[in-house]
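Read-outs throughout are calculated quantities, based only on the coordinates presented, and are distinct from any laboratory measurement. What you see is a predicted model, and the numbers here were worked out from it, not measured in a lab. Reconstructed Cβ throughout: ideal geometry from the backbone, glycine too, with neighbour counts over all protein chains shown.
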Amino acid sequence: MMIDLTLLMIIAQTAGEEAGKAISWWEIVKGAGPMVKFVLILLAWFSVMCWAIIVLKYLQFRRARKFNGRFLEIFWGGSSLESIYHDTSPLRRSPLAQVFRSGYQELTKIKRSKREDKDHEEGIAAHLGGVESIERALRRAAGAERSRLERYLSFLATTGSSAPFVGLFGTVWGIMTSFREIAVMGDVGLEVVAPGISEALIATAAGLAAAIPAVVAYNYFLAHARGAASEMESFSADILNIIQRHFL
């Protein structure tokens, strides 16, 4: 029993000494090789850009929801499409408002051309052509708004897919450095292998730290962009029915 206690005391003392000699992460990074430092700087740049995009897209989607709510209140409470068009002019950041304004502008062009056209024999053809023109305008505006909402999401996808491999490259390079030092020094002690392994592990951790938030944010914002696209498609159908029923 006394031997066991003595052995435990020796192990605890050794662990305390090793903890006192522990090297911080920053010291490991400063002592890394040029290639590993380049990998870490590249991953840090990816991470900073991803977080900037995450904040930007979060604010953009929040503003879009806010202004969409205001637009729907004005739209369903409006007395005419013309008054709605003028009342929604400040809502530039509302995707639904931009879709509506594009359709109304196309409707105005058609009504103007119908007043100038004195030949009424092709009324049905003109009606169908007007509907198709407005539908194209609505679809074009909805596509532009979806592209605006999905802007920069490809960078998040690229970071999520490539950052782990960049970190893996740093890992492989650190292991190669460790084996090269073993071959040069002819020693396989832990003090020879540990620096290279530490560099490798830091590169792997940096790659995952950049990739995981990027993947989560990409899936989150893509789902919201698809929801906004579905909402614009449904609203386009509603506004097209209203225009067909009352104006064409």
Part-to-part distance (alpha-carbon centres) for region 204-248 and region 132-146, which is given in Å: 15
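Full-extension gain between A157 and A144, please, as 0.36 nm times their residue separation minus the C-alpha to C-alpha distance.
Values: separation 13, 0.36 × 13 = 4.68 nm, distance 2.05 nm.
Fully extending the segment from A157 to A144 adds 2.6 nm.
If R₀ is 35 angstrom, what is the calculated FRET efficiency for the pair L168 and S230, using the beta carbon separation as r and rounding to 0.05? Let's see the in-between values first.
Numbers: r = 38 Å, r/R0 = 1.08.
In this case the efficiency is close to 0.40.
Would you kindly state how much longer the chain becomes between F179 and L56 on full extension, computed as 0.36 nm times their sequence separation minus their alpha carbon distance, in nm to one decimal?
Details: separation 123, 0.36 × 123 = 44.28 nm, distance 4.40 nm.
Value of the extension gain: 39.9 nm.
Order of I175, I110, I134 from fewest to most other C-beta atoms within 10 Å?
On the way: I175 15, I110 21, I134 25.
The fewest-first ordering by Cβ neighbours comes to I175, I110, I134.
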For V131 and I242 in the same chain, what is the full-extension length gain: residue separation times 0.36 nm, less their Cα-Cα distance, in nm? 38.8 nm
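Using a cut-off of 12 Å between beta-carbons, work out the net charge of the residues near R226 (Lys and Arg +1, Asp and Glu -1, R226 not included).
Working: positive: R146; negative: E150, E231, E233.
That sum, taken over residues with Cβ under 12 Å, equals -2.
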